[in-house]
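Participant: My questions will all concern the structure given below.
The values are calculated or read from the model by the stated rules, or taken from the named source; none is laboratory data. Values in this document were obtained by computation on a predicted structure and should not be read as measured data. Cβ atoms come from the backbone with ideal geometry, glycine included; neighbour counts cover every protein chain shown. Heavy atoms of the whole protein, side chains included, go into the accessibility calculation; ligands, DNA and RNA do not. Shrake-Rupley method; radii C 1.70, N 1.55, O 1.52, S 1.80 Å.
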Amino acid sequence: MRSSGQFCLNILNPDDGTWHGQWRPTTTIREILLAIQTLLDNPNPKSPSVGHGQTVHRVYMSNRKEWERRTRLESKKHPMN
């Protein structure tokens, strides 16, 4: 995820014939949500974010339990209504 809150998810990018763009009109909401869940569970280590995201990425790569603790804490700070 970028510091702006944006993230890259290939299945949302227009199909350009490469792995960068895999969106198709038949892509379902379920597929998108599963892709987001997978991205959150397994961030791409080759694509660290900028700014604050780099710190999060470093913690994720070096101390998964601490990353999970911080993630739970942030979830509690920002509950969905």
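Participant: What are the pairs, 6+ residues apart or on separate chains, where a residue within segment 23-34 that is free of Cβ contacts under 8 Å to residues at least 40 places away in the same chain has its Cβ under 8 Å from a residue that is open to solvent by 70 Å² or more (accessible area, probe 1.4 Å) and of a type in the set (A, V, I, L, M, F, W, C)?
Facilitator: The qualifying pairs are TRP23/LEU12; ILE32/LEU12.
Participant: Identify the residue in segment 37-60 that is open to solvent by less than 50 Å² (accessible area, probe 1.4 Å) and at pLDDT 70 or above and, among all such residues, is nearest to LEU12 (Cα to Cα).
Facilitator: Per the stated criteria, the residue is HIS57.
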